[in-house]
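Beneath this line is the structure, given in structure tokens, with notes to follow.
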Amino acid sequence: MPDEVRPAVVRQLADGLVLRRAGAEDVDAIAALNVAVFGAQDEVAVRALLDGPLPVDWLVVAAGPGAERPGGGAVAAACARIPHEWCLDGVALRGSQIENVATDERYRGRGLVRALFDAHHEQAAADGELLQVIGGIPYFYRKLGYGYGFDVPPTFSVAPSSVPPVAGDRVVVRPAGRDDLAWLLEREPGRRRDGLTVVRHREGLETWLLRTRPRHGISWESLSVAEAGGQPVGWMRTLAWGEEGQLFLLPGEAADVEVANQLMAAAVRIGAELAGSLGRPVELLASDLPGTPWSRAVHGAGRPRPEPSGYYVRVPDEVALLRALEPVLSRRLATSGLVEDRGELLLSLYERGVRLAWDGGRLTVVEAAPPDPDPFDNGGVGVAPDWFPALVLGRWGASGLAARTDDTLLGDHAPVLDVLFPARPVDLSADV
Ligand SMILES: CC(C)(COP(=O)(O)OP(=O)(O)OC[C@H]1O[C@@H](n2cnc3c(N)ncnc32)[C@H](O)[C@@H]1OP(=O)(O)O)[C@@H](O)C(=O)NCCC(=O)NCCS
């Protein structure tokens, strides 16, 4: 539904609190809440998501006089639903990322974020979304219907002295401008689509640029382009966390290892400038992108640094997601040793179930079915609902998931489940 016909007030909560859509009048209050909760680096990002070109769904809980109208009352809690076109092995999946989840200290523990999520999930369903993603604090989002769906990319701590010195001027790195967006968009149709990626659109790229605006003299984010012979040959984003003193290097593309090294050298300069602005050292943390020239540069200059947890994913309707993925699931069967196989299984999610059937290299049935509460007894298949995203997105492959989680059972069907749900890579560092 277009914004103009959506009512501003979504629901009345206890104690006179109001859950409503945010308007332009709320921008300062939402930005101030995010700065108070997360730190100064969030201000520009939040403003870009509030008044930029992306159709972000911002919801707030407002308290006090005038809470029903945009700009009225005090913002007690807020969070954003950012639209994304996810893509799994070439199949586009409508969804979103929920971000900037914050409740003012005085209002915590009163169910405000639960209420915000209920409202976001309701609208996401109306919009036909198949999955939502969140990067966030441990455990909390499991309470709100999310499971850990895919890995945070391997992260490397980069010592500036290990980055090869800039040699020659074949490759030049400079800040990106609006004129670069056309080139970045041209990359999309031909881009490698192995595993989980997003389909990038102009509005998202424009938002990245908006987020590079300096605030109070500090540039918290950057988007850089590498050129050789006047032609773009690579790009990278960086994103800083102020109190933590960290600069994250988020890979886009690098045509070869020299380009990757030059992008990394540019990040060293960005880090030094930030350290000067903050008056303290800044640690460089690079996301890996396995199998690429960027990865060669990262492994050459950095040391692995453990990352605690995965990204959260919510799949509101498993049948709808599997049906959308039918082309890729059938392709996996058709290109496997099971191309001549046929059979069926019940994938029990314990509180609901999905029947799958396959025949001659095609997935022929995906339909809701009653669950089996104890598939162990009969060689059946069971996956707890909060581990379903990890299964379907290929976090570890079906057998890998069964090895790691107690209530994933593959029964007699491991061979076909390993074909349908193999481990898949993720390339989302610059996007989420
Ligand atoms: C985490 C935070 C967003 C929770 O907001 P809130 O409005 O207090 O959350 P709610 O009251 O809606 O809590 C929802 C449920 O989670 C529980 N919960 C709240 N904070 C939790 C936490 N940090 N860890 C685990 N569970 C938590 C609540 O008890 C409640 O459970 P229930 O519904 O079963 O009773 C808030 O504490 C906050 O802003 N923290 C600082 C910023 C932050 O960490 N944001 C998340 C970044 S990803």
Practice task
Report the full-extension gain for the segment Glu85 to Asp151: residue separation times 0.36 nm, less the Cα-Cα distance, to one decimal in nm.
Solution key: 21.9 nm
Exercise for the section: Only residues of segment 198-218 count here: report those whose backbone N is under 12 Å from the spot 7 Å along Cα→Cβ of Arg174, or say none. Expected result: none
Exercise for the section: Among Gly230, Leu196, Ala286, flag the residue with its Cα farthest along the positive direction of the charge dipole of the chain, charges on Cβ as +1 for Lys/Arg and -1 for Asp/Glu. Expected result: Gly230
Practice task
Pairs of Cα atoms under 8 Å, at least six residues apart: use those to get the relative contact order of segment 317-420, whole percent.
Solution key: 24 percent
Practice task
Determine the distance separating the Cα centre of segment 250-269 from the Cα centre of segment 43-113; give it in Å without decimals.
Solution key: 33 Å
Completion exercise
When the charge dipole of the chain is computed with +1 at the Cβ of Lys and Arg and -1 at the Cβ of Asp and Glu, the Cα pointing farthest to the positive end, of Leu210, Gly276, Asn34, is that of Gly276
Exercise for the section: Between beta-carbons, use under 11 Å as the cut-off and find the net charge around Gly343, counting Lys and Arg +1, Asp and Glu -1. Expected result: -3
Practice task
Mind jotting down the distance between the C-alpha centroids of segment 302-381 and segment 401-428, whole Å?
Solution key: 8 Å
Handout entry: Sparse-neighbour loop sites [GluC sites (Glu not before Pro); segment 328-432; at most 16 other C-beta within 10 Å; DSSP]
Key = Glu340, Glu351
Problem - Distance from segment 180-235 to segment 21-42 (C-alpha centre basis), Å - result: 25 Å
Completion exercise
On each of the three principal axes the extent of the alpha-carbon atoms of segment 155-305, given in whole Å and largest first, is 42, 34, 33
Exercise for the section: Determine by what factor the alpha-carbon radius of gyration of segment 155-242 differs from 2.2 N^0.38 Å, reporting the quotient. Expected result: 1.23
Exercise for the section: Of the DSSP beta bridges with both residues in the chain, give the percent that are antiparallel, rounding to the nearest 5. Expected result: 90 percent
Completion exercise
In deg cm²/dmol, rounded to the nearest 500, the helical mean residue ellipticity at 222 nm of the chain, built from -39500 (n - 2.57) for every DSSP H run of length 4 or more, is -8500 deg cm²/dmol
Handout entry: Efficiency of FRET between His299 and Ala126 - r from beta-carbon atoms, R0 35 angstrom, step 0.05
Key = 0.20
Exercise for the section: Determine which residues of segment 11-34 fall in the zone a paramagnetic label at Glu68 would reach in this model, i.e. backbone nitrogen under 18 Å from the point 7 Å along Cα→Cβ. Expected result: 11-23
Handout entry: Calculated diffusion of segment 353-432, Stokes-Einstein form, Kirkwood radius summed over Cα pairs, 25 °C and 0.890 mPa s, µm²/s
Key = 181 µm²/s
Problem - Label-point gap, in nm, between Asp406 and Thr335 - each point 7 angstrom along Cα→Cβ - result: 3.8 nm
Practice task
Report Rg (one decimal) and Dmax (nearest whole number) for the chain, counting Cα atoms only, units Å.
Solution key: 23.0, 68
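Treat every Asp and Glu Cβ in segment 155-305 as -1 and every Lys and Arg Cβ as +1, leave all other atoms uncharged, and give the resulting dipole magnitude about the Cα centre to the nearest 20 debye.
Charge dipole, segment 155-305, about its Cα centre: 140 debye, nearest 20.
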Fill in the blank from the handout: Given unit charges at Cβ for Lys, Arg (+) and Asp, Glu (-), the dipole magnitude of segment 127-198 about its Cα centre in debye, nearest 20, is 180 debye
Exercise for the section: Evaluate E = 1/(1 + (r/R0)^6) for Val365 and Val9, where r is the Cβ-Cβ distance and R0 equals 41 Å; express this FRET efficiency to the nearest 0.05. Expected result: 0.40
Fill in the blank from the handout: Of the residues Pro385, Leu322, Leu59, the Cα lying farthest along the dipole of the chain towards its positive end, which is defined by charges on the beta carbon of Lys, Arg, Asp and Glu, belongs to Leu59
Practice task
Give, in nm to one decimal, the length gained when the segment between Phe140 and Ala36 is fully stretched (0.36 nm per residue of separation minus the Cα-Cα distance).
Solution key: 35.4 nm
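Values quoted throughout were computed directly from the atomic coordinates according to the rules given, and no laboratory measurement underlies them. Everything numeric in this text was worked out from a predicted model, so none of it was measured. Cβ atoms come from the backbone with ideal geometry, glycine included; neighbour counts cover every protein chain shown.
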